[in-house]
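One structure below.
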Amino acid sequence: MIKENIERIRGRIASVCARVKVNPHKITIICVTKGRPVSQIQEAVGLGLKHIGENRVQEALEKYKQIPDIKWHMVGHLQSNKVRDALEIFDLIHSVDSVSLARHINQQAFKMNKIQDILLEVKTSPELRKFGFKPEMLAEVYEEITEFQNVKIKGLMTIAPLVDNADETRPYFSKLRQLRDKLNSGWLLSMGMSSDFEVAIEEGADIIRVGRAIFENNV
């Protein structure tokens with residue numbers, strides 16, 4: 001099932017990239033593995049997925065030593081008391097949603113002699129449960145965080161609302177792209193999940209975060 005799902009996802013990516021004239025090899029698939037056993041993750045890695053995304057630091061720590069030679073991505077909300085552990089394993093933290101968190105990452109990274117790559121999470125939808133910077137604050141926040149010596153902003157991330165029609169997510173992805181283009185057109189965009197990644201790619205996603213479509217049927 002996992003093999004067939006990955007082939008199907010790659011086919012869908014190739015199709016949408018052909019429509020929007022984007023090289024499909026430029027799209028990074030992050031295999032989101034929250035709650036998935038190591039055996040399933042190893043199968044996905046064996047099929048060519050080299051980027052793993054985890055929502056919880058503790059769960060990632062338990063899997064990290066068993067799954068070598070891949071890139072690890074923190075895609076869930078990161079609490080300050082988990083930053084030190086997160087910096088031990090994650091290549092890219094997608095969910096930096098406050099200046100105080102960025103400052104704490106910077107402080108811990110300095111102690112570890114590491115430059116930590118991060119994305120700024122933007123709250124492009126009005127949902128109360130979403131984390132992230134307000135779009136109107138982003139320029140100011142960007143100026144402040146770029147002063148930190150041990151973090152490097154690589155781009156922006158957002159999570160669209162869950163909707164029945166994937167096309168309804170388009171305004172949220174479009175908004176993130178517009179924000180990116182104003183600040184730094186070279187930044188990456190992490191947006192799109194199992195239910196809406198095709199729309200995200202149409203709107204400029206470089207990174208998609210896919211879990212259910214890899215590990216479950218009929219997604």
- request: Neighbouring Cβ atoms within 10 Å as the yardstick, rank Lys26, Lys123 fewest first.
  value: Lys26, Lys123
- prompt: Of the peptides 185-195, 205-215, how do they stack up when ordered by the mean number of other Cβ atoms within 10 Å, highest first?
  reply: 205-215, 185-195
- request: Measure up Lys71/Lys175; Lys71/Lys134; Lys3/Lys152; Lys63/Lys134; Lys123/Lys152; Lys71/Lys182 against 31 Å on the Cα-Cα distance and list the ones that go over.
  value: Lys3/Lys152; Lys63/Lys134
- request: Taking amide H positions as placed in the peptide plane 1.01 Å from N, state which residues far from Phe133 in sequence (5 or more) or on other chains have amide H under 5 Å from it.
  value: Glu121, Val122, Lys123
- request: Specify the inter-centroid distance of the stretch 168-211 and the stretch 17-82, based on alpha-carbon positions, in whole Å.
  value: 18
For Cys17, Cys31, order by how many other beta-carbon atoms lie within 10 Å, fewest first: Cys17, Cys31
- request: Determine the shape class of the stretch 1-100: with a ≥ b ≥ c the square roots of the Cα gyration tensor eigenvalues, call it rounded for a/c under 1.5, and otherwise prolate if a/b is greater than b/c, oblate otherwise.
  value: oblate
- prompt: How would you rank Tyr142, Tyr172, going from fewest to most other Cβ atoms within 10 Å of each one's own Cβ?
  reply: Tyr142, Tyr172
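Each reported figure results from applying straightforward, stated rules to the coordinates on display, with no laboratory input. Because the structure is a prediction, the values reported are computed rather than measured. Cβ sites come from the backbone with ideal geometry, for glycine too, and all protein chains shown count toward neighbours.
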